[in-house]
Amino acid sequence: MPLPAVLTLTEYEPRRLPADALPTAVFHQLWHDYDQHGRQLEVTFPSPKTDNQWQLTALGWVGLIPLGQHGMLHIHPKTPLTNLFRLWEVAYGLQDTHLLDGQVAIATLQDFYQHLAYLLARKALRRAQQGVYRAYLTETRPLSVIRSQIAHYPWPPQIQPTCRFQESTTDLADNQIVAFTLSQIARSGLCAGAAQTAVRHAARVWQSAATPYPFTPADCVGRVYSRLNQDYALLHALCRFFLEHQGPARQTGDHAMRPFLINMARLYERFVAAWLDDHLLVPWRLRAQETVTVGAHDELQFTLDLVLYDEYGRPHTVLDTKYKTPESAATSDVSQVVTYAQAKGCREAVLVYPQALARPLDVHVGDVHVRSLAFAPDEKAGGEFLAALWD
């Protein structure tokens, strides 16, 4: 029973497929790469429990997984795409750039990927036309002779003089990040048409200016910009997005194709953190992904999503984001956030969900006040969330 070129899933919604829908090797590869090693998918083998069919369930990840000659697996978010765009814009600090406003119809995640790749390529080409950023780097090289006005003086082998000088170059990390990212997108197999043409062109142009060394998403953050390269902030934000969500290459025939996968729980946490960081009033401060150790010998270690600090630098509220919409808060989630609050010495703990719970939580566990609050990815909901947080 052949499948269409595009196989679709929705996160957390199991889909069953006939045992002969795809070659067994394809299902085994999905199980190996995305179940055993990444837990992006749950791959259930055919059995009486599944009516002798394969069952695929996306575990909070959305995106695109190439299946080689058998097509593409599209994993859609349970939230509307407009909400996903909002999460992405705020989480990556791009809400003021209006990159997606009315420029093109975007109906699928592949449209989203291609549009952002096209934008990166266009902006990179525009910058290349203006001139790729240059800077002076200090070089130190050994000298075999010293030249004077009348003669060359060779040095004995045991003495090695050096010369330090500055050289103007475009082969800088700022440019290498862009060159590397464009090369990865060009080889991803996820772009087509005008997007692929623009990306390939931009990749060739930038590789002539900078060496595309491998970079990580962290390399795109915390860079220093001046009036000469201020526009690189947007280029690097887009590069970070692509590098953060690309998976390892999978060889299919003569081409290596890369999956594109977004961890929705992590994206939602970053969205909440970025929005709060922009809207909190002085003197409140926010820390994200803070590590806390507990025990006389630091036996336990926790990483907290978000912690609010008051004007005196004291921890006031622990917030734990939950990208799910249950009827009520799970006991395990309550226990977790209470433990976090106690570890930080807070009396306030909040579980943050993208939608209001049917049975909201507002209880005291010991001396910790635990609540559930909703924060949907839109500006109005942000204001309501902030008001409820201080209530």
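Structure values in brief
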| read-out | value |
| --- | --- |
| Cβ-placed point charges (K, R +1; D, E -1), dipole of the chain about Cα centre in debye, nearest 20 | 1380 debye |
| Degrees between helix 193-207 axis and first principal axis of the chain (Cα, 0 to 90, nearest 10) | 40 degrees |
| Cα principal axis extents for segment 280-390, largest first, Å | 43, 34, 23 |
| Amide hydrogen neighbours beyond the local backbone of Gln355, cut-off 5 Å, H modeled | Phe375 |
| Helix 379-390 axis, angle to the chain major axis (alpha carbon atoms, nearest 10°) | 70 degrees |
| Additional length obtainable on full extension of the chain from His32 to Leu281, 0.36 nm per residue less Cα span | 84.9 nm |
| Cα-projected label distance for Ala107 with Thr331, points at 7 Å along beta-carbon direction, nm | 4.7 nm |
| Peptides ranked, highest mean first, by Cβ atoms within 10 Å: ranges 41-49, 276-284 | 41-49, 276-284 |
| Nearest 10 degrees, 0 to 90: helix 81-91 Cα axis against the chain principal axis | 60 degrees |
| Amide H contacts under 5 Å for His369, placed H, 5+ residues apart | Glu348, Ala349 |
| Neighbour-count order for Leu304, Leu59, fewest beta carbons within 10 angstrom listed first | Leu59, Leu304 |
| Ascending count of other beta-carbon atoms within 10 Å, so fewest first, for Cys239, Cys191 | Cys191, Cys239 |
| 222 nm mean residue ellipticity, helices alone, for the chain (DSSP H n ≥ 4; -39,500 (n - 2.57); rounded to 500) | -10500 deg cm²/dmol |
| In order through segment 302-311: 3J(HN,Hα) via Karplus (6.51 cos²θ - 1.76 cosθ + 1.60), integer Hz, x for Gly, Pro | 10, 10, 8, 4, 9, 9, 8, 10, 8, 5 |
| Fluctuation leader among Asp310, Asp171, Asp35 - the chain, Gaussian network, Cα springs under 10 angstrom | Asp310 |
| Aspartates and glutamates whose Cα lies under 18 Å from that of Lys49, excluding same-chain neighbours fewer than 8 positions away | Glu13, Asp20 |
| Cα gyration tensor category, rounded, prolate or oblate, for segment 6-76 with a/c compared to 1.5 | rounded |
| Eligible lysines near Lys324 by straight Cα distance, threshold 22 Å, same-chain separation 8 or greater | Lys78, Lys380 |
| For the chain: span of alpha carbons on each principal axis (Å, largest first) | 91, 65, 48 |
| Inter-label distance for Tyr312 and Asp231, nm, one decimal - labels placed 7 Å from Cα along Cα-to-Cβ | 5.0 nm |
| Computed label-point distance, nm, for sites Ala5 and Ala356 using a 7 Å Cα→Cβ extension | 4.5 nm |
| Long-range HN-HN contacts of Leu9 with modeled amide H, under 5 Å | His74, Ile75, His76 |
| GNM top mover of Val178, Val221, Val318 - the chain, alpha-carbon springs below 10 Å | Val221 |
| Stretch gain in nm, segment His364-Val224, where the contour uses 0.36 nm per residue and the Cα spacing is subtracted | 45.9 nm |
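None of the figures in this text is laboratory data; all of them are computed from the coordinates on show. Remember, it's a predicted structure, so these values are computed and weren't measured experimentally. Virtual Cβ from ideal backbone geometry, glycine too; neighbours counted across all protein chains shown.
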